[in-house]
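The values are calculated or read from the model by the stated rules, or taken from the named source; none is laboratory data. Computed from a predicted model, the values in this text were never measured in an experiment. Please note: Cβ atoms are built from the backbone with ideal geometry, for glycine as well, and neighbour counts cover all protein chains shown. Calculation scope for accessible area: heavy atoms of the full protein, side chains included, ligands and nucleic acids excluded. Shrake-Rupley method; radii C 1.70, N 1.55, O 1.52, S 1.80 Å.
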Amino acid sequence: MSHETQIILDRVVLVKVDANIYGARKKLKKEDLVLADGSKLPPEDLASLGSKRLLDPDKLTVFNRLKKEAERICLRVGTRFLGGFAVPVESAASITTELERIALDFAAAKTEFIAGYDAAVTDWVVRHPEFAGIIEQAVDSVEFVSTRLSFDFLVVSVGLPDSLPPADVARLESKIGSLSEQMFYEISVEANQLIEQSLLGKEQVTRNALRPIRRMRDKLDGLGFLDHRVAPVVSTIDDLLARIPTKGAIEGSILQEILATAMLLSDPDKTRRHGEGLLVNQTPVVEETDVDEIVEQTEFESPTVPTATTVATEPTSVIAESVSYSPDFTDLFDGIFDDELEPESVSEDWALGILLDKSQADAATNDSNEDIKPDDQSDLVAVTADGDDDVDAAEHSDQDYWF
């Protein structure tokens, strides 16, 4: 395992969110349909009939909302990884606290739903009296529905097993190495939403527009160890935020800079190139200059300095001072309307199983983490487990852009 891979694994924990939500649907059967004389359905190998709802889907909205909220909480500081979320170790305690709150809200919503389940089914039948028969014959019992509503989460540390074929090690390191690409992609999704919902066509915006900018900045800063090009991008955002007025509407040139920064972040490739360019400009330049030239230049600038009688002929390395870089946004709009980047594949259950397949002896020697307070250890466990089911895709951004 490479040193870079080990550094990443030491800096993150894997958060798995397991939310099961009752669908209140059943497969639609042929006998459920009343066909006109002479009409017939296509064969099953050609078309399927779909499903029928057993109650008002709005009754289940609260569970879907809580599930998506849990995923947004993880994405706020982490990035998708192996069906879960790779979260910085130092953020694990706060993530656990918020997920515990959601678990309590989910349990309360479940209790309320189960108590009103029979009434919800009856109301649905009343609203569709002509199809009462096909609804009633498919209704599930309250006991069954209760088993289909649950919320839980798991926080684990991960590592590569000691004995693993080189090919599998290479594949897992490739997955770990792609974390930065996934992070930049998630940032681009949120930046695009900010542009479309809040910035385009606006002559002024409220300070609410800064919330997603700050959120993206904090995520990049927390996951900066994934890619060396992140730190300069964070500095660019910090410089912009420092120049924004503390009161009043945001307009004029500063609003255009916010738009330009959002457009930069909306393109993962441009974001990486921008960070790389800033690093190049910040790197000291090494020049080899003959000592004769240095002495001659010194004599020209300061005639009172005695002339050297003996000059070495060997070249000497001189470190030139780096010029402070002031980022501009003149090229940030190039390629903005290129095709949207495709998300990374998430079919990685096999990798999760290998990563979590650590020996109990290793877990015992590392059951305390220096980056997490001892009080929070009850929320972090090192486990040996098989791959869990993939978590459903979440919305990548809080829907909080209003002006």
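Numbers at a glance
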| quantity | calculated |
| --- | --- |
| Accessible-area ranking of 237, 134, largest first, probe 1.4 Å | 134, 237 |
| Long-range amide H partners of residue 12 with built H, under 5 Å | 89 |
| J(HN,Hα) series, the stretch 126-136, from Karplus relation 6.51 cos²θ - 1.76 cosθ + 1.60, nearest Hz, glycine and proline x | 4, 6, 10, x, 5, 10, 4, x, 6, 7, 5 |
| Given charges at beta-carbon only (K, R positive; D, E negative), |dipole| of the stretch 130-252 in Debye | 740 |
| Protein-only accessible surface order, largest first, of 101, 171 at 1.4 Å | 171, 101 |
| Integer Hz, Karplus 6.51/-1.76/1.60 couplings in order for the stretch 193-210, x for Gly and Pro | 5, 4, 4, 5, 8, 10, 10, 4, x, 9, 8, 7, 9, 7, 6, 4, 5, 7 |
| Per-residue ³J(HN,Hα) for the stretch 166-180, Karplus 6.51 cos²θ - 1.76 cosθ + 1.60, θ = phi - 60°, Hz, x for Gly and Pro | x, 5, 5, 4, 4, 5, 5, 5, 5, 5, 5, x, 7, 4, 5 |
| Estimated distance in nm for a label pair at residue 98 and residue 218, the labels positioned 7 Å out from Cα along Cα-to-Cβ | 0.7 |
| Contour excess over end-to-end distance, with Cα ends at residue 141 and residue 163 and 0.36 nm allotted per residue | 3.1 nm |
| Computed E for residue 2/residue 273 - FRET, C-beta separation, R0 22 angstrom, nearest 0.05 | 0.35 |
| Where labels lie 7 Å past Cα in the beta-carbon direction, separation of residue 47 and residue 64 in nm | 2.5 |
| Cα gyration tensor, the stretch 142-191 - rounded (a/c under 1.5), prolate or oblate | oblate |
| Label-point gap, in nm, between residue 206 and residue 152 - each point 7 angstrom along Cα→Cβ | 4.2 |
